[in-house]
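Structure first, commentary second.
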Amino acid sequence: MDEIKKESQEELELETREWLESLEYVLQSSGPERVQQLLHDLDTYAHEAGVELPFTANTPYINSIPKKNEPKFPGGREIERRIKSLVRWNAMAMVVRANKLDPGIGGHISTYASAATLYEIGFNHFFKGKDNNSQGDQIYFQGHASPGIYARAYLEGRLDANKLHNFRHELQDGGGLSSYPHPRLMPDFWEFPTVSMGLGPIMAIYQARFNKYLENRGLKSPSDSKVWAFLGDGETDEPESLGAISLASREKLDNLIFVINCNLQRLDGPVRGNAKIIQELEAQFKGAGWNVIKVVWGSDWDSLLEADKSGLLTKRMNEIIDGESQKYIVEGGAYVREHFFGKYPELLELVEHHTDEDLNRMKRGGHDPEKVYAAYKQAVQTKDRPTVVLAKTVKGYGLGEAGEGKNITHSQKKLNEEELKHFRSRFGIPISDEDVVEAPFYRPAEDSPEIIYLKKRRQELSGYVPKRVVKNQKIKTPSEEIFKEFYKGTEGREASTTMVYVRILTKLLKDKEIGKLIVPIVPDEARTFGMEALFRQIGIYSSRGQLYEPVDRDSLLYYKEAKNGQILEEGITEAGAMSSFIAAGTAYVTHGINMIPFFTFYSMFGFQRIGDLAWAAADMQCKGFLIGGTAGRTTLAGEGLQHQDGHSHVLAHSIPTVKAYDPAFAYELAVIIRDGIHRMYELQEDCYYYITVMNENYEMPPMPKDVKDGIIKGMYKYKPSDSKSKIKANLLGSGSILNETLKAQEILAKDYDISADVWSVTSYKNIHYDALDVERWNRMNPDKEQKKAYVQEVTTGEEGIFISVSDYSQILSDSISKWLPGKLTTLGTLGFGRSESREALRDFFEVDAKHIVYTTLYALSEEGKVNKETLKKAMKDLKIDPKKSSPIKS
Ligand SMILES: Cc1ncc(C[n+]2csc(CCOP(=O)(O)OP(=O)(O)O)c2C)c(N)n1
Ligand SMILES: [Mg+2]
């Protein structure tokens, strides 16, 4: 091999310059596309010659849009600055006042302070409202920035000073303002709850995808509406924030824009003190196929970058880490000169005509309206991919000594007199030294240029945002005809409630009125639940249609993807599927269309996996059906500890507006689903459903008379005992385990001469909530005739003891015990599941017929109705092993 010549430093520099000049020539003569082609060819050539090029998804640490490509800023710079200052002041005042009156009430100043320009450019130039039949944008405001959003609504005349005064005091006269975006608490204002970090970004992605789904299915006309998601840089550490970004690029969601406020800080300190969050995020989003727009430096840096012919300034920008950037803010101009520019003498020369004060004032990109405008403009015009704007800002911008860029900044909520004066003067708010101590709200007169400008801008952008407007029409509940088949039972054939559910869904999908509104959602579990026939029937949604021939094309139930497909097959992402559920279940408000989602999942991977999204769904008054399949700790045999769910109903119990049901029979399921559609879409009640379905096959009985009301309310007597015995018991069963109570009923009558009535309990949650509410009403109305809870109404006069048994934790049935006329013993499946047969599991958890019989005898013996001898013998006859391990402790 030839010896490689060692060139001198000068020769190397000369060579570099020649290459750069050649490139510059090509750029000037043939344009950027030719440069791209050349670099690509060079890259390929080097690769083929065995030169390993280090992988980087990063561009230099400078703005993505060069100065020369910036569009002309169409706004009034000065007036917009004044409006922004007023919003800043009122947002700060709201938090400071709230904490003066009530120390400890909390609130955040610094998040909005860093994001003000990012929002104001949106409000004045981009965010579209819903007036004049505009479809409007969907904007996910960062939760902690809410004071700024309220302060703007105050200037717009949408919120009065009293409301601002009652920020975080929602129970005061005239109402207050919720801490964060909560549609439930401010239903005319907020649309999207974002404060639990990570949920906003993932919901926004699926919202944007759902908008395209509605367009592709012809349910909504195409529009240029955008979904904007504002998030913190610290928030991007949440797995939900970045976990679905590749879906957004795969689906070419050019209707989606993320704006990440990179103030380099989170709550405790720097987000990436030792690195650069903007560069890290750039690589991740670029790698996922997004359009990335970095807004790092403000306009004051343009001339420096221009003058920097050697590229040294860019090199220095690339070198610094976020911990240093943060320090520059806290220390000021002289420090920046010494530590940033001072590293290279040439850079010091570059700023020799700048005073320290000048250096101190040089803005970051996210505080420069023209840079932010340029970024948004490019974002809304980008086709075929989503855009992320990475804007570098300062946390607590404008707070000065009170906490600009400090590690304590996030939690700063009090400003002393000097700090208030400083803030006032910095932003030119016309409040006197005397008044400033009280941090009064300030709104210029209605006919002031500021108010006129701001209102006009919003008018031109189709009205105010955020604003939640419900425009949907009610829909008619499907006729009983569809459900009759299920009321009849299966007439000898065996079926599981899962099979029944799929059949109901299939029939609903064929319904002329509501069929098209149904959105079946599955996270790669359709076959598990026997739903694969739907693939062919209604198609799987794919924005690209089906570009390949599926391997099972010859079969009847082939895997059919289609542009107008109806099923959302999300792949293995319960969080994504739940976000789709939310987008569909709130389409009645976001689009005025009553979509009816049925999200079917493994019940174990529901509430406990994505409980926070389920909570957010309730905040948003989402509608629809969550169907927990393969449910029940002992009904799902074999799968073991991580699969067997015996507590999703306990988790569902904690969300007030969730209607949770654990049905046993086909007719129960049919009644519940029909009632659900009736309540949610005809009566427009504020709730969504959680229904568990099981995979045990048995004959589905016909519906007894007059039980519909009981099914819906939560319990009814299913089968009185044939026995005429005076010894009475009541067995409460749910789901598949109801069959065990029926077996126990027979044994009790035949072998022990006990008359045990079997009740079907479809919803402990309903019964419990109703009883609590009635109990409270009675307490509040001691002079009025006292009411009975539903459970009391149906059990009054029932004799004997009560035994409850379900495939769920005992706490569900324990919750209703005090309203029953006899003592309740609860059997359930609290404990860890394990791999076994159904029979062995039910024995282990003590929820099978023999344990029900024995427990009944024991409870009766305690009341002196069964003697000890009988009990002892029963234990032997029933083969109950008293030494067996306790399921709760195993
Ligand atoms: C899931 C979740 N965990 C924790 C919090 C508490 N929290 C509120 S703000 C915050 C820091 C936010 O930092 P960043 O995302 O960078 O936003 P910034 O305020 O800097 O704009 C934390 C940890 C939360 N709201 N949600
Ligand atoms: Mg931050």
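Each reported figure results from applying straightforward, stated rules to the coordinates on display, with no laboratory input. From a predicted model like this one, the values you see are computed outputs, not experimental measurements. Cβ coordinates were reconstructed from backbone atoms using ideal geometry, including for glycine residues, and neighbour counts include every protein chain displayed.
Which links in LYS128/LYS377; LYS719/LYS850; LYS484/LYS563 stretch past 23 Å when you go from one Cα to the other?
The answer is LYS484/LYS563.
Among VAL87, SER30, SER8, flag the residue with its Cα farthest along the positive direction of the charge dipole of the range 1-154, charges on Cβ as +1 for Lys/Arg and -1 for Asp/Glu.
VAL87
Taking amide H positions as placed in the peptide plane 1.01 Å from N, state which residues far from GLY592 in sequence (5 or more) or on other chains have amide H under 5 Å from it.
So GLY592 has HN proximity to LYS471.
One-quarter of the Cα convex hull surface for the range 253-384, in nm²?
For the range 253-384, the mean projected area of the Cα convex hull comes to 9.0 nm².
With all pairs of different alpha carbon atoms counted, what Kirkwood hydrodynamic radius in Å does the range 102-213 show?
For the range 102-213, inverting the mean 1/r across all distinct Cα pairs yields 15.2 Å.
Please give the net charge around PHE599, taking every other residue with its beta carbon less than 13 angstrom from that of PHE599, where Lys and Arg add +1 and Asp and Glu add -1.
Value of the local net charge: -3.
Report, in debye and to the nearest 20, how large the dipole of the range 656-790 comes out about its Cα centre when Lys and Arg carry +1 and Asp and Glu carry -1 on their Cβ.
I would put it at about 360 debye.
For LYS100, which lysines qualify as cross-link partners when the Cα separation must be under 29 Å and same-chain residues fewer than eight apart are set aside?
Result set, ordered by chain and number: LYS84, LYS163, LYS395, LYS406, LYS413, LYS414, LYS421.
Along its three principal axes, how long is the range 247-312 when you only count alpha carbons? Whole Å, largest extent first please.
Projected onto the principal axes, the Cα atoms of the range 247-312 cover 42, 33, 18 Å.
Mind sorting TYR769, TYR206, TYR154, TYR45 by how few other Cβ atoms lie within 10 Å of their own Cβ, fewest first?
TYR45, TYR769, TYR154, TYR206
Using C-alpha positions alone, give me the convex hull volume of the range 673-746 per residue in cubic angstrom.
Spread over its residues, the Cα hull of the range 673-746 gives 128 Å³ apiece.
For the ranges 15-27, 614-626, 299-311, 831-843, what's the packing order if you count other beta-carbon atoms within 10 Å of each residue, average per peptide, and put the highest first?
My ranking of the peptides, most packed first, is 614-626, 831-843, 299-311, 15-27.
Over the range 587-657, with a single point scatterer placed on each C-alpha, what log10 of the ratio I(q)/I(0) does the Debye formula yield at q = 0.12 1/Å?
Rounded to two decimals, the profile gives -0.37.
So how far, in whole Å, is the C-alpha centre of the range 826-889 from the one of the range 785-815?
21 Å
I'd like to compare 271-278, 84-91, 791-798: which one has the highest average count of other Cβ atoms within 10 Å, and what's the full order after that?
In decreasing order of mean packing, 271-278, 84-91, 791-798 become 84-91, 271-278, 791-798.
Determine, for SER763, SER725, the number of other Cβ atoms within 10 Å of each Cβ, and report the residues in order from fewest to most.
Neighbour counts put them in this order, fewest first: SER725, SER763.
I need the Debye-formula profile for the range 806-869: one equal scatterer per C-alpha, no solvent, reported as log10 I(q)/I(0) at q = 0.11, 0.15, 0.22 1/Å, two decimals.
-0.31, -0.55, -0.97
If Rh is defined by the Kirkwood formula over all Cα pairs and Rg also comes from Cα, what ratio Rg/Rh do you get for the range 737-852?
On the Cα set of the range 737-852, Rg over Rh gives 1.05.
Work out from phi, with θ = phi - 60° and the Karplus expression 6.51 cos²θ - 1.76 cosθ + 1.60, the ³J(HN,Hα) of each residue of the range 265-282, listed in order in whole Hz, and give x for Gly and Pro.
For the range 265-282, the Karplus-derived couplings read 10, 10, 7, 7, x, x, 6, 9, x, 8, 8, 10, 5, 5, 5, 4, 5, 4 Hz, x marking Gly and Pro.
Please report the antiparallel percentage of the DSSP beta bridges confined to the chain, to the nearest 5.
10 percent
Work from the charge dipole of the range 693-783 (Cβ charges, +1 for Lys and Arg, -1 for Asp and Glu, about the Cα centre) and give the residue of SER736, TYR698, VAL761 farthest towards its positive end.
Result: VAL761.
Considering all projection directions equally, how large on average is the shadow of the alpha-carbon convex hull of the range 515-663, in square nanometres?
Over all viewing directions, the range 515-663 projects a mean Cα-hull area of 9.8 nm².
If you add up the charges near LEU812, with Lys and Arg at +1 and Asp and Glu at -1, over every other residue whose beta carbon is less than 15 angstrom from its beta carbon, what do you get?
Charge balance in the 15 Å sphere: -1.
Could you please rank THR490, THR314, placing first whichever residue has the fewest other Cβ atoms within 10 Å of its Cβ?
Starting with the residue having the fewest Cβ neighbours, the order is THR314, THR490.
Rounded to the nearest 20 debye, what is the charge dipole size of the range 743-877 about its Cα centre when +1 sits on each Lys and Arg Cβ and -1 on each Asp and Glu Cβ?
Taking the Cα centre of the range 743-877 as origin, the dipole is about 240 debye.
Report the charge-dipole magnitude of the range 92-140 in Debye, nearest 20, computed about the Cα centre from +1 at each Lys and Arg Cβ and -1 at each Asp and Glu Cβ.
Taking the Cα centre of the range 92-140 as origin, the dipole is about 100 debye.
Taking the Cα centre of each part, how many Å lie between the range 582-657 and the range 486-517?
Measuring centre to centre over Cα atoms gives 20 Å.
For the chain, what is the calculated [θ] at 222 nm in deg cm²/dmol (nearest 500), taking -39500 (n - 2.57) for each run of four or more DSSP H residues and dividing by its residue count?
My calculation for the chain gives -12000 deg cm²/dmol from helical runs alone.
Taking square-rooted eigenvalues a ≥ b ≥ c of the alpha carbon gyration tensor, is the range 554-614 rounded, prolate or oblate, where a/c under 1.5 means rounded and, failing that, a/b exceeding b/c means prolate?
Here the range 554-614 falls in the oblate category.
How would you order 125-136, 343-354, 495-506 from highest to lowest mean count of nearby Cβ atoms within 10 Å?
Packing proxy ranking, top to bottom: 495-506, 125-136, 343-354.
Which of the aspartates and glutamates could a cross-linker bridge to LYS309, judged by Cα under 18 Å and excluding same-chain residues fewer than eight apart?
Result set, ordered by chain and number: GLU10, GLU13, GLU15, GLU18, GLU21, GLU24, ASP300, GLU319, GLU346, GLU349, GLU352.
For the range 213-294, with the dipole built from +1 on Lys and Arg beta-carbon atoms and -1 on Asp and Glu ones, taken about the Cα centre, which of ILE260, ASN291, TRP228 lies farthest toward the positive end?
The listed residue farthest towards the positive side: ASN291.
What is the set of long-range amide H partners of PHE167 at a cut-off below 5 Å, with H atoms built 1.01 Å from backbone N?
For PHE167, the qualifying residues are LEU177.
Can you pull a Stokes-Einstein diffusion coefficient for the range 364-416 at 25 °C (0.890 mPa s), Rh from Kirkwood over Cα pairs, as a whole number of µm²/s?
D, rounded to a whole number, is 187 µm²/s.
Identify all aspartates and glutamates with a Cα-Cα distance to LYS823 below 16 Å; exclude those on the same chain that are fewer than 8 residues away in sequence.
Excluding near neighbours in sequence, the set is ASP757, GLU798, GLU799, ASP814, GLU862, GLU863.
What fraction, in whole percent, of alpha-carbon pairs in the chain exceed 57 Å separation?
23 percent
I'd like the projected area of the range 724-790, averaged over all directions, using the convex hull of its alpha carbons. Report it in nm² with one decimal.
Result: 6.0 nm².
If I histogram all Cα-Cα distances within the range 671-798 using bins 5 Å wide from 0, what percent of pairs lands in each bin?
Computed distribution, short to long bins: 2, 9, 15, 18, 18, 15, 11, 6, 4, 1, 0.
Could you give me the radius of gyration and the Dmax of the range 311-396, taking only the C-alpha atoms into account and expressing both in angstrom?
Cα radius of gyration and Dmax of the range 311-396 are 15.4, 46 Å respectively.
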